[in-house]
Amino acid sequence: MLSLLQLGPLGSPPSLLVGLVLIALVLLVGRFVMKVAWRLVILAIVAVTVLWVLGILGFNVAF
């Protein structure tokens, strides 16, 4: 049977706790970054749609 003592330094409870906390931090930061990314994508979709409609209506929107 495999016990915690046979796993070496990776099997100790403090190192497992540190690893889990690091994973939680990465997930929280990733969640925040994805929230910002979704907002930017939606904003870009709206901007391109408005420019496209203005172009169809005959307004010169070239930069």
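The values are calculated or read from the model by the stated rules, or taken from the named source; none is laboratory data. Everything quoted here is computed from the prediction, not taken from an experiment. All Cβ positions, even for glycine, are placed from backbone atoms using ideal geometry, and neighbour counts span all protein chains on display.
Quick rundown of the values:
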quantity: Those residues of segment 51-63 which are in a helix (DSSP H, G or I) and either surrounded by fewer than 10 Cβ atoms within 10 Å (Cβ to Cβ) or modelled with pLDDT of 95 or more (or both), in sequence order; calculated: I56
quantity: Count - residues of segment 1-46 that are over 18 Å from the mean Cα position of the chain (by Cα) and modelled with pLDDT of 95 or more; calculated: 2
